[in-house]
Amino acid sequence: MHDPADFKGAFALNREGKNAPDNRRGLVLWTDDATATRTFLLPADSRDPVLSDMFGNTTPLPFAAPGAVAVQLSPDPVFVLWQSASPAAPAIQNSPLLTPAAWVLTPGADDTLRVELVNIGDTPLDAQISVEPGAESGVTAAPDPQAVNVAPGQRATAVFNVATQPQLPGIAWPRQWRAFYNLPADFDPGAVTTLPATLGGVAGLDLASAANGMIDLAAHGGGIREKAPVLLFAEIGAAADGQYRMGAASDWWMEWFVNGKPVYDTLEKGNVGGRARITDHTFDLPLNKGKNIIAVRVLSGSQGWKIRGGGPVELDKIGAIGNPDRLVNIILKSPEGVLLAQEFAPVQWRRRAADENPAAPWRGLPPDIEFFDDVENFFVAEPDASKWWRGRDDLSAAAWFRADEENLIVRLLVTDDIHRPPATPPASPDETRDDYAWLFANGLHLAPSSATREGRQTLYTFALPRAPAFDLQFLILDNDWGEPKQTLRSPPIPLYLP
(Lines give C-alpha, C1' and ligand atoms only; values in the text may rest on other atoms or scores of the structure.)
Protein backbone atom coordinates (compact mmCIF):
# COMPACT_ATOMS: atom_id res chain seq x y z
CA MET A 1 0.00 0.00 0.00
CA HIS A 2 1.21 3.52 -0.59
CA ASP A 3 0.24 7.12 -0.17
CA PRO A 4 -0.05 8.06 -3.83
CA ALA A 5 1.20 10.86 -6.01
CA ASP A 6 3.74 13.34 -4.79
CA PHE A 7 2.57 16.78 -5.81
CA LYS A 8 4.36 19.95 -6.79
CA GLY A 9 3.09 23.45 -6.24
CA ALA A 10 3.82 27.11 -5.84
CA PHE A 11 2.16 29.41 -3.31
CA ALA A 12 1.63 33.02 -4.35
CA LEU A 13 -0.02 35.87 -2.47
CA ASN A 14 -0.65 37.66 -5.76
CA ARG A 15 1.07 38.12 -9.10
CA GLU A 16 3.64 40.49 -7.60
CA GLY A 17 4.35 38.21 -4.65
CA LYS A 18 3.01 40.77 -2.16
CA ASN A 19 -0.12 41.00 -0.07
CA ALA A 20 -3.00 41.90 -2.34
CA PRO A 21 -5.26 44.72 -1.11
CA ASP A 22 -8.34 42.51 -1.37
CA ASN A 23 -6.62 39.56 0.39
CA ARG A 24 -6.62 37.35 -2.67
CA ARG A 25 -4.52 34.21 -2.38
CA GLY A 26 -3.55 31.57 -4.92
CA LEU A 27 -2.02 28.11 -5.16
CA VAL A 28 -0.73 26.44 -8.35
CA LEU A 29 -0.62 22.64 -8.23
CA TRP A 30 0.46 19.83 -10.54
CA THR A 31 2.00 16.35 -10.55
CA ASP A 32 4.60 14.81 -12.83
CA ASP A 33 3.04 11.47 -13.75
CA ALA A 34 0.07 10.70 -11.56
CA THR A 35 -3.53 11.55 -10.91
CA ALA A 36 -4.69 11.94 -7.34
CA THR A 37 -6.73 14.09 -4.97
CA ARG A 38 -5.12 16.00 -2.13
CA THR A 39 -6.73 17.88 0.75
CA PHE A 40 -5.33 21.31 1.64
CA LEU A 41 -5.96 23.11 4.93
CA LEU A 42 -6.48 26.82 4.28
CA PRO A 43 -6.07 29.53 6.96
CA ALA A 44 -8.98 29.69 9.39
CA ASP A 45 -10.46 32.92 7.96
CA SER A 46 -10.42 31.69 4.33
CA ARG A 47 -13.53 32.16 2.23
CA ASP A 48 -14.82 31.82 -1.33
CA PRO A 49 -12.39 29.14 -2.59
CA VAL A 50 -12.60 28.44 -6.32
CA LEU A 51 -10.83 26.15 -8.75
CA SER A 52 -9.51 27.82 -11.91
CA ASP A 53 -7.97 26.51 -15.10
CA MET A 54 -5.21 28.25 -17.03
CA PHE A 55 -7.82 30.15 -19.07
CA GLY A 56 -9.47 31.71 -16.03
CA ASN A 57 -12.58 29.53 -15.96
CA THR A 58 -13.57 29.09 -12.31
CA THR A 59 -15.65 26.57 -10.38
CA PRO A 60 -16.69 26.95 -6.73
CA LEU A 61 -14.67 24.65 -4.48
CA PRO A 62 -16.73 23.44 -1.49
CA PHE A 63 -15.08 22.87 1.86
CA ALA A 64 -14.73 19.12 2.48
CA ALA A 65 -14.35 19.97 6.18
CA PRO A 66 -13.89 23.27 8.05
CA GLY A 67 -11.02 25.04 6.28
CA ALA A 68 -10.20 22.03 4.05
CA VAL A 69 -10.53 21.77 0.28
CA ALA A 70 -10.00 18.61 -1.79
CA VAL A 71 -8.28 19.20 -5.14
CA GLN A 72 -7.84 16.70 -7.97
CA LEU A 73 -4.28 16.89 -9.30
CA SER A 74 -2.85 15.93 -12.69
CA PRO A 75 0.16 16.84 -14.85
CA ASP A 76 -1.77 19.89 -16.07
CA PRO A 77 -1.59 22.82 -13.60
CA VAL A 78 -4.68 23.74 -11.59
CA PHE A 79 -5.18 26.96 -9.64
CA VAL A 80 -6.84 27.25 -6.23
CA LEU A 81 -7.94 30.80 -5.40
CA TRP A 82 -9.44 32.13 -2.16
CA GLN A 83 -9.55 35.19 0.08
CA SER A 84 -7.87 35.43 3.45
CA ALA A 85 -6.18 38.08 5.59
CA SER A 86 -3.59 35.50 6.67
CA PRO A 87 -0.38 35.31 4.60
CA ALA A 88 0.25 31.72 5.74
CA ALA A 89 0.68 29.07 3.06
CA PRO A 90 -1.84 26.21 3.04
CA ALA A 91 -0.86 22.96 4.71
CA ILE A 92 -1.21 19.67 2.85
CA GLN A 93 -3.20 16.99 4.59
CA ASN A 94 -2.08 13.48 3.78
CA SER A 95 -4.69 11.43 1.98
CA PRO A 96 -6.63 9.13 4.31
CA LEU A 97 -6.93 6.61 1.43
CA LEU A 98 -4.04 4.19 0.97
CA THR A 99 -4.21 2.33 -2.33
CA PRO A 100 -1.79 0.20 -4.36
CA ALA A 101 0.26 1.89 -7.08
CA ALA A 102 -1.56 -0.54 -9.39
CA TRP A 103 -3.93 -3.43 -8.89
CA VAL A 104 -2.47 -6.56 -10.44
CA LEU A 105 -5.39 -8.64 -11.72
CA THR A 106 -5.86 -11.77 -13.80
CA PRO A 107 -8.07 -11.33 -16.88
CA GLY A 108 -11.33 -13.25 -16.65
CA ALA A 109 -10.91 -14.10 -12.95
CA ASP A 110 -12.70 -12.87 -9.83
CA ASP A 111 -10.56 -11.01 -7.33
CA THR A 112 -10.71 -8.46 -4.52
CA LEU A 113 -9.65 -4.84 -4.21
CA ARG A 114 -8.52 -3.77 -0.75
CA VAL A 115 -8.64 -0.09 0.21
CA GLU A 116 -7.16 1.04 3.50
CA LEU A 117 -8.50 4.11 5.27
CA VAL A 118 -6.49 6.01 7.90
CA ASN A 119 -8.19 8.52 10.17
CA ILE A 120 -5.62 11.32 10.26
CA GLY A 121 -7.92 13.64 12.24
CA ASP A 122 -8.60 14.00 15.95
CA THR A 123 -12.31 13.13 15.78
CA PRO A 124 -14.07 9.92 14.65
CA LEU A 125 -14.36 9.60 10.86
CA ASP A 126 -17.78 8.62 9.59
CA ALA A 127 -17.67 8.18 5.83
CA GLN A 128 -18.47 6.05 2.79
CA ILE A 129 -15.96 4.46 0.40
CA SER A 130 -16.98 3.66 -3.15
CA VAL A 131 -15.15 2.16 -6.11
CA GLU A 132 -15.95 3.41 -9.60
CA PRO A 133 -14.00 1.55 -12.32
CA GLY A 134 -13.51 3.44 -15.58
CA ALA A 135 -15.28 2.29 -18.72
CA GLU A 136 -12.02 0.88 -20.19
CA SER A 137 -10.58 -0.52 -16.94
CA GLY A 138 -12.00 -4.01 -17.57
CA VAL A 139 -13.27 -4.21 -13.98
CA THR A 140 -16.66 -4.25 -12.28
CA ALA A 141 -16.86 -3.92 -8.49
CA ALA A 142 -19.35 -4.60 -5.68
CA PRO A 143 -20.62 -3.76 -3.11
CA ASP A 144 -20.82 -0.04 -3.57
CA PRO A 145 -20.53 2.01 -1.39
CA GLN A 146 -19.28 0.76 1.99
CA ALA A 147 -19.84 2.67 5.23
CA VAL A 148 -16.87 3.01 7.61
CA ASN A 149 -16.43 4.52 11.07
CA VAL A 150 -12.82 4.93 12.18
CA ALA A 151 -11.54 6.24 15.50
CA PRO A 152 -8.80 8.92 15.50
CA GLY A 153 -5.43 7.50 14.54
CA GLN A 154 -6.91 4.11 13.61
CA ARG A 155 -7.24 2.24 10.33
CA ALA A 156 -9.99 0.32 8.57
CA THR A 157 -9.98 -1.81 5.43
CA ALA A 158 -12.75 -1.98 2.86
CA VAL A 159 -12.78 -5.03 0.58
CA PHE A 160 -14.54 -4.91 -2.78
CA ASN A 161 -15.29 -7.99 -4.86
CA VAL A 162 -14.38 -7.47 -8.52
CA ALA A 163 -14.97 -9.30 -11.75
CA THR A 164 -12.59 -8.90 -14.69
CA GLN A 165 -13.05 -9.27 -18.41
CA PRO A 166 -11.09 -11.86 -20.42
CA GLN A 167 -8.33 -10.35 -22.52
CA LEU A 168 -6.01 -11.36 -25.28
CA PRO A 169 -2.58 -12.65 -24.21
CA GLY A 170 -0.10 -9.85 -23.54
CA ILE A 171 2.50 -8.75 -26.03
CA ALA A 172 6.01 -7.45 -25.41
CA TRP A 173 6.44 -4.03 -26.95
CA PRO A 174 9.71 -4.00 -28.95
CA ARG A 175 12.68 -2.07 -27.61
CA GLN A 176 14.90 -2.65 -30.69
CA TRP A 177 14.05 -0.88 -33.97
CA ARG A 178 15.73 -0.65 -37.39
CA ALA A 179 15.65 2.83 -38.87
CA PHE A 180 16.03 3.93 -42.50
CA TYR A 181 16.71 7.65 -42.75
CA ASN A 182 17.34 8.40 -46.40
CA LEU A 183 14.35 6.82 -48.11
CA PRO A 184 11.87 8.95 -50.10
CA ALA A 185 9.01 10.25 -47.95
CA ASP A 186 6.51 8.25 -50.05
CA PHE A 187 8.42 4.93 -49.89
CA ASP A 188 5.82 2.15 -49.63
CA PRO A 189 6.59 -0.42 -46.89
CA GLY A 190 3.76 -2.65 -48.07
CA ALA A 191 6.06 -5.30 -49.48
CA VAL A 192 8.17 -5.56 -46.31
CA THR A 193 7.16 -8.69 -44.41
CA THR A 194 10.48 -9.49 -42.70
CA LEU A 195 12.86 -7.28 -40.79
CA PRO A 196 15.01 -5.78 -43.58
CA ALA A 197 18.75 -5.15 -43.48
CA THR A 198 18.57 -2.71 -46.40
CA LEU A 199 15.81 -0.91 -48.27
CA GLY A 200 16.21 0.82 -51.63
CA GLY A 201 19.97 0.53 -51.27
CA VAL A 202 19.87 2.20 -47.83
CA ALA A 203 21.34 0.31 -44.87
CA GLY A 204 19.30 0.19 -41.69
CA LEU A 205 20.46 1.66 -38.38
CA ASP A 206 19.60 -0.29 -35.21
CA LEU A 207 18.15 1.93 -32.47
CA ALA A 208 17.01 1.14 -28.93
CA SER A 209 14.13 2.97 -27.29
CA ALA A 210 14.36 4.41 -23.80
CA ALA A 211 12.55 2.73 -20.92
CA ASN A 212 9.46 4.87 -21.58
CA GLY A 213 9.35 3.80 -25.25
CA MET A 214 10.82 7.06 -26.60
CA ILE A 215 13.33 7.23 -29.49
CA ASP A 216 15.11 10.52 -30.22
CA LEU A 217 15.34 10.36 -34.00
CA ALA A 218 17.12 13.69 -34.41
CA ALA A 219 20.15 12.35 -32.55
CA HIS A 220 20.76 9.83 -35.35
CA GLY A 221 19.31 11.68 -38.34
CA GLY A 222 21.67 14.61 -38.66
CA GLY A 223 19.49 17.17 -36.89
CA ILE A 224 15.99 18.52 -37.35
CA ARG A 225 14.59 19.35 -40.79
CA GLU A 226 10.82 19.80 -40.84
CA LYS A 227 9.05 16.85 -42.48
CA ALA A 228 12.30 14.90 -42.92
CA PRO A 229 11.24 11.21 -43.06
CA VAL A 230 12.47 8.13 -41.26
CA LEU A 231 10.98 4.64 -41.51
CA LEU A 232 11.37 2.28 -38.53
CA PHE A 233 10.70 -1.47 -38.38
CA ALA A 234 10.49 -3.95 -35.49
CA GLU A 235 9.37 -7.51 -34.83
CA ILE A 236 6.52 -8.16 -32.42
CA GLY A 237 5.14 -11.52 -31.37
CA ALA A 238 1.56 -12.47 -30.49
CA ALA A 239 0.33 -15.66 -28.84
CA ALA A 240 -3.03 -15.42 -30.62
CA ASP A 241 -4.68 -13.65 -33.56
CA GLY A 242 -6.43 -10.48 -32.47
CA GLN A 243 -6.71 -6.73 -32.21
CA TYR A 244 -4.15 -5.47 -29.68
CA ARG A 245 -4.48 -1.96 -28.27
CA MET A 246 -1.45 0.30 -28.56
CA GLY A 247 -0.65 3.96 -27.99
CA ALA A 248 1.80 6.34 -29.61
CA ALA A 249 2.95 9.94 -29.81
CA SER A 250 5.33 11.63 -32.21
CA ASP A 251 7.12 14.84 -33.00
CA TRP A 252 5.43 15.50 -35.30
CA TRP A 253 3.69 13.33 -37.94
CA MET A 254 3.48 9.50 -37.93
CA GLU A 255 2.05 6.65 -40.01
CA TRP A 256 1.81 3.07 -38.66
CA PHE A 257 1.83 -0.23 -40.57
CA VAL A 258 1.34 -3.88 -39.56
CA ASN A 259 2.66 -6.59 -41.87
CA GLY A 260 2.78 -4.04 -44.69
CA LYS A 261 -0.75 -2.66 -44.24
CA PRO A 262 -1.48 0.87 -42.95
CA VAL A 263 -3.42 0.97 -39.68
CA TYR A 264 -3.22 4.56 -38.33
CA ASP A 265 -1.72 7.96 -39.14
CA THR A 266 -1.60 11.60 -38.02
CA LEU A 267 -0.47 12.95 -41.39
CA GLU A 268 -3.24 15.55 -41.59
CA LYS A 269 -2.82 17.37 -38.26
CA GLY A 270 0.28 15.92 -36.64
CA ASN A 271 0.46 14.77 -33.04
CA VAL A 272 -1.80 17.58 -31.67
CA GLY A 273 -0.44 18.08 -28.16
CA GLY A 274 3.03 18.59 -26.80
CA ARG A 275 3.28 16.13 -23.89
CA ALA A 276 4.31 13.10 -26.00
CA ARG A 277 2.31 10.58 -23.97
CA ILE A 278 1.34 7.22 -25.41
CA THR A 279 -2.26 8.11 -24.65
CA ASP A 280 -2.06 10.91 -27.26
CA HIS A 281 -3.19 8.39 -29.91
CA THR A 282 -4.55 4.91 -29.19
CA PHE A 283 -5.55 2.39 -31.85
CA ASP A 284 -5.63 -1.35 -32.56
CA LEU A 285 -2.88 -3.46 -34.12
CA PRO A 286 -4.24 -6.45 -36.09
CA LEU A 287 -1.60 -9.05 -35.16
CA ASN A 288 -1.32 -12.63 -36.34
CA LYS A 289 -0.30 -15.46 -34.05
CA GLY A 290 3.48 -15.67 -34.14
CA LYS A 291 5.86 -13.10 -35.54
CA ASN A 292 4.68 -9.79 -37.04
CA ILE A 293 6.44 -6.80 -38.57
CA ILE A 294 5.33 -3.35 -37.44
CA ALA A 295 6.58 -0.16 -39.04
CA VAL A 296 6.16 3.54 -38.44
CA ARG A 297 7.06 6.46 -40.67
CA VAL A 298 7.88 9.60 -38.68
CA LEU A 299 8.16 13.05 -40.21
CA SER A 300 10.16 15.57 -38.22
CA GLY A 301 8.55 18.60 -36.62
CA SER A 302 10.11 22.05 -36.67
CA GLN A 303 11.51 21.74 -33.13
CA GLY A 304 11.94 18.01 -32.60
CA TRP A 305 11.95 14.55 -34.15
CA LYS A 306 10.81 11.75 -31.84
CA ILE A 307 8.56 8.72 -31.64
CA ARG A 308 7.14 6.99 -28.56
CA GLY A 309 5.02 3.86 -28.46
CA GLY A 310 3.67 1.17 -26.18
CA GLY A 311 1.35 -1.82 -26.20
CA PRO A 312 -1.34 -3.05 -23.80
CA VAL A 313 1.09 -3.52 -20.90
CA GLU A 314 2.48 0.00 -21.29
CA LEU A 315 -1.02 1.43 -21.55
CA ASP A 316 -1.96 -0.34 -18.34
CA LYS A 317 1.13 0.98 -16.52
CA ILE A 318 1.64 4.39 -18.14
CA GLY A 319 -1.20 5.10 -20.46
CA ALA A 320 -3.79 4.80 -17.72
CA ILE A 321 -2.37 7.95 -16.16
CA GLY A 322 -4.45 10.87 -17.36
CA ASN A 323 -7.12 8.62 -18.87
CA PRO A 324 -9.91 8.18 -16.29
CA ASP A 325 -11.56 5.49 -18.42
CA ARG A 326 -8.62 3.16 -17.70
CA LEU A 327 -8.43 3.83 -13.96
CA VAL A 328 -10.16 2.56 -10.86
CA ASN A 329 -11.53 5.58 -9.00
CA ILE A 330 -11.58 5.35 -5.17
CA ILE A 331 -13.90 7.92 -3.55
CA LEU A 332 -14.33 8.86 0.10
CA LYS A 333 -17.36 10.98 1.00
CA SER A 334 -19.07 12.15 4.14
CA PRO A 335 -22.57 10.80 4.89
CA GLU A 336 -23.86 14.12 3.50
CA GLY A 337 -22.11 13.47 0.18
CA VAL A 338 -19.21 15.95 0.58
CA LEU A 339 -16.00 14.75 -1.12
CA LEU A 340 -13.32 14.06 1.50
CA ALA A 341 -10.68 12.33 -0.63
CA GLN A 342 -10.25 10.67 -3.99
CA GLU A 343 -7.51 8.46 -5.42
CA PHE A 344 -6.98 6.76 -8.77
CA ALA A 345 -5.23 3.44 -9.33
CA PRO A 346 -4.40 1.88 -12.71
CA VAL A 347 -5.13 -1.78 -13.33
CA GLN A 348 -2.11 -3.85 -14.29
CA TRP A 349 -3.07 -7.08 -16.02
CA ARG A 350 -1.16 -10.29 -15.65
CA ARG A 351 0.28 -11.54 -18.91
CA ARG A 352 -0.72 -14.96 -20.15
CA ALA A 353 2.24 -17.28 -20.62
CA ALA A 354 2.20 -18.82 -24.09
CA ASP A 355 2.04 -22.58 -24.52
CA GLU A 356 5.26 -24.50 -25.12
CA ASN A 357 5.15 -25.50 -28.77
CA PRO A 358 8.04 -27.48 -30.31
CA ALA A 359 6.66 -26.63 -33.76
CA ALA A 360 7.11 -22.90 -33.05
CA PRO A 361 10.42 -22.63 -31.16
CA TRP A 362 10.74 -19.75 -28.70
CA ARG A 363 13.96 -18.67 -30.40
CA GLY A 364 11.95 -17.81 -33.49
CA LEU A 365 9.81 -15.26 -31.65
CA PRO A 366 10.64 -11.90 -30.07
CA PRO A 367 11.21 -12.11 -26.30
CA ASP A 368 8.35 -11.56 -23.87
CA ILE A 369 10.47 -8.97 -22.07
CA GLU A 370 13.79 -7.20 -22.64
CA PHE A 371 15.51 -5.15 -19.97
CA PHE A 372 18.77 -3.26 -19.54
CA ASP A 373 17.77 -0.01 -17.84
CA ASP A 374 18.02 -0.94 -14.15
CA VAL A 375 21.75 -1.65 -14.04
CA GLU A 376 23.29 -0.82 -10.67
CA ASN A 377 26.98 -0.29 -11.34
CA PHE A 378 29.14 -0.29 -8.21
CA PHE A 379 31.87 1.90 -9.72
CA VAL A 380 29.86 4.65 -11.41
CA ALA A 381 31.16 7.28 -8.95
CA GLU A 382 34.80 6.40 -9.64
CA PRO A 383 36.88 8.16 -12.34
CA ASP A 384 37.89 4.92 -14.09
CA ALA A 385 35.24 4.75 -16.85
CA SER A 386 36.39 1.26 -17.89
CA LYS A 387 34.55 -0.06 -14.83
CA TRP A 388 31.27 1.62 -15.71
CA TRP A 389 28.36 -0.05 -17.52
CA ARG A 390 29.23 0.19 -21.21
CA GLY A 391 25.88 -0.57 -22.78
CA ARG A 392 23.84 -3.59 -23.84
CA ASP A 393 26.85 -5.74 -24.77
CA ASP A 394 28.21 -5.26 -21.25
CA LEU A 395 24.99 -6.40 -19.55
CA SER A 396 21.43 -6.80 -20.80
CA ALA A 397 18.81 -9.54 -20.88
CA ALA A 398 15.71 -10.94 -22.57
CA ALA A 399 13.27 -13.61 -21.39
CA TRP A 400 10.66 -15.98 -22.80
CA PHE A 401 7.86 -17.62 -20.76
CA ARG A 402 6.23 -20.87 -21.89
CA ALA A 403 3.86 -23.29 -20.16
CA ASP A 404 3.55 -27.04 -20.67
CA GLU A 405 1.31 -29.51 -18.84
CA GLU A 406 3.49 -29.56 -15.71
CA ASN A 407 5.67 -26.45 -15.58
CA LEU A 408 6.18 -22.82 -16.38
CA ILE A 409 9.42 -22.80 -18.35
CA VAL A 410 11.42 -19.59 -18.10
CA ARG A 411 14.33 -18.93 -20.45
CA LEU A 412 16.59 -15.98 -19.64
CA LEU A 413 19.19 -14.95 -22.23
CA VAL A 414 21.85 -12.69 -20.71
CA THR A 415 24.25 -10.73 -22.90
CA ASP A 416 27.60 -10.17 -21.15
CA ASP A 417 30.86 -9.74 -23.06
CA ILE A 418 33.05 -11.02 -20.19
CA HIS A 419 31.83 -14.15 -18.45
CA ARG A 420 33.15 -15.39 -15.09
CA PRO A 421 30.82 -18.17 -13.90
CA PRO A 422 31.01 -19.51 -10.35
CA ALA A 423 33.00 -22.68 -9.72
CA THR A 424 30.01 -24.08 -7.84
CA PRO A 425 26.44 -22.74 -7.80
CA PRO A 426 25.94 -20.20 -4.97
CA ALA A 427 23.46 -21.01 -2.22
CA SER A 428 21.66 -17.65 -2.27
CA PRO A 429 21.68 -14.25 -3.98
CA ASP A 430 23.56 -12.74 -1.02
CA GLU A 431 26.39 -15.21 -1.51
CA THR A 432 26.70 -14.63 -5.26
CA ARG A 433 29.86 -12.85 -6.44
CA ASP A 434 30.33 -14.24 -9.96
CA ASP A 435 28.22 -14.12 -13.11
CA TYR A 436 24.90 -15.71 -12.24
CA ALA A 437 21.12 -15.22 -12.49
CA TRP A 438 18.38 -15.69 -9.93
CA LEU A 439 14.64 -15.80 -10.40
CA PHE A 440 12.39 -14.50 -7.61
CA ALA A 441 9.03 -16.28 -7.95
CA ASN A 442 6.08 -15.94 -5.56
CA GLY A 443 8.31 -15.05 -2.63
CA LEU A 444 11.05 -17.63 -3.31
CA HIS A 445 14.48 -17.26 -4.93
CA LEU A 446 15.22 -19.94 -7.50
CA ALA A 447 18.50 -20.97 -9.08
CA PRO A 448 18.56 -21.95 -12.76
CA SER A 449 18.24 -25.62 -13.64
CA SER A 450 20.80 -25.12 -16.41
CA ALA A 451 23.18 -22.47 -17.75
CA THR A 452 24.71 -22.65 -21.22
CA ARG A 453 27.21 -20.18 -22.68
CA GLU A 454 26.66 -19.28 -26.35
CA GLY A 455 29.23 -16.78 -27.61
CA ARG A 456 28.68 -13.58 -25.63
CA GLN A 457 25.38 -14.79 -24.22
CA THR A 458 24.37 -17.16 -21.44
CA LEU A 459 21.07 -19.01 -21.52
CA TYR A 460 19.62 -19.72 -18.06
CA THR A 461 16.62 -22.05 -17.83
CA PHE A 462 14.19 -22.26 -14.91
CA ALA A 463 11.30 -24.71 -14.45
CA LEU A 464 8.50 -23.84 -12.01
CA PRO A 465 5.64 -26.21 -11.14
CA ARG A 466 2.39 -24.92 -12.59
CA ALA A 467 0.35 -22.45 -10.55
CA PRO A 468 -2.54 -20.18 -11.49
CA ALA A 469 -0.42 -17.02 -11.20
CA PHE A 470 3.21 -15.99 -10.83
CA ASP A 471 4.91 -12.82 -9.65
CA LEU A 472 8.41 -12.92 -11.11
CA GLN A 473 11.55 -10.79 -11.07
CA PHE A 474 15.09 -11.49 -12.27
CA LEU A 475 18.34 -10.54 -10.55
CA ILE A 476 21.51 -10.84 -12.67
CA LEU A 477 25.00 -10.41 -11.26
CA ASP A 478 28.05 -9.43 -13.34
CA ASN A 479 31.72 -9.98 -12.47
CA ASP A 480 34.28 -8.87 -15.08
CA TRP A 481 37.61 -8.97 -13.20
CA GLY A 482 37.25 -10.98 -10.01
CA GLU A 483 34.84 -8.85 -7.97
CA PRO A 484 31.19 -7.89 -8.47
CA LYS A 485 30.89 -5.07 -11.01
CA GLN A 486 27.14 -4.52 -11.34
CA THR A 487 23.68 -6.03 -11.09
CA LEU A 488 20.66 -5.91 -13.37
CA ARG A 489 17.08 -6.27 -12.16
CA SER A 490 14.02 -6.78 -14.28
CA PRO A 491 10.79 -4.96 -13.54
CA PRO A 492 8.15 -7.07 -11.74
CA ILE A 493 6.54 -9.53 -14.15
CA PRO A 494 3.01 -10.72 -13.27
CA LEU A 495 1.96 -13.82 -15.24
CA TYR A 496 -0.95 -16.25 -15.24
CA LEU A 497 -1.52 -19.70 -16.73
CA PRO A 498 -4.86 -20.67 -18.27
Quiz item: When the residues of the stretch 399-426 are filtered to those that are polar (S, T, N, Q) and out of contact with any Pro (no Cβ under 8 Å at 6 or more places or on another chain), which remaining residue is surrounded by the fewest Cβ atoms within 10 Å (Cβ to Cβ)?
Solution: Thr424
Quiz item: Scanning for something at pLDDT below 85, farther than 30 Å from Pro133 by Cα, out of contact with any helix residue (DSSP H, G or I) (no Cβ under 8 Å at 6 or more places or on another chain) and not hydrophobic (A, V, I, L, M, F, W, C), does the stretch 277-297 turn up at least one residue?
Solution: no
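Determine which member of the set Phe79, Phe160 is in contact with a Leu (Cβ under 6 Å, 6 or more places away or on another chain), more than 30 Å from Trp256 (Cβ to Cβ), in a strand (DSSP E or B) and not β-branched (Val, Ile, Thr). Steps first, answer last, please.
On the way: Phe79 fails: in contact with a Leu (Cβ under 6 Å, 6 or more places away or on another chain).
Unique residue meeting the criteria: Phe160.
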Quiz item: Taking the stretch 222-278 as the search range and keeping residues that are closer than 17 Å to Phe180 by Cβ and charged (D, E, K, R), which one is surrounded by the fewest Cβ atoms within 10 Å (Cβ to Cβ)?
Solution: Lys227
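Yes or no: Ala234 out of contact with any His (no Cβ under 7 Å at 6 or more places or on another chain), over 19 Å from Gly304 (Cβ atoms), in contact (Cβ under 8 Å) with a residue 12 or more places away in the chain and not in a strand (DSSP E or B)?
Working: out of contact with any His (no Cβ under 7 Å at 6 or more places or on another chain): yes; over 19 Å from Gly304 (Cβ atoms): yes; in contact (Cβ under 8 Å) with a residue 12 or more places away in the chain: yes; not in a strand (DSSP E or B): no.
Considered against the rule, which asks whether it is out of contact with any His (no Cβ under 7 Å at 6 or more places or on another chain), over 19 Å from Gly304 (Cβ atoms), in contact (Cβ under 8 Å) with a residue 12 or more places away in the chain and not in a strand (DSSP E or B), Ala234 comes out as no.
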Quiz item: In the stretch 203-231, which residues are at pLDDT below 85, more than 16 Å from Pro312 (Cα to Cα) and either hydrophobic (A, V, I, L, M, F, W, C) or assigned to a strand (DSSP E or B) (or both)?
Solution: Ala210, Ile224
Quiz item: (1) surrounded by fewer than 20 Cβ atoms within 10 Å (Cβ to Cβ); (2) in a loop (DSSP other than H, G, I, E, B): which one isn't true of Ser137, the others all being true?
Solution: (1)
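The values are calculated or read from the model by the stated rules, or taken from the named source; none is laboratory data. As the structure is a prediction and not an experimental result, all values here were calculated from the model. Because the Cβ atoms are built from the backbone with ideal geometry, glycine has one as well, and the counts that use them run over all protein chains shown.
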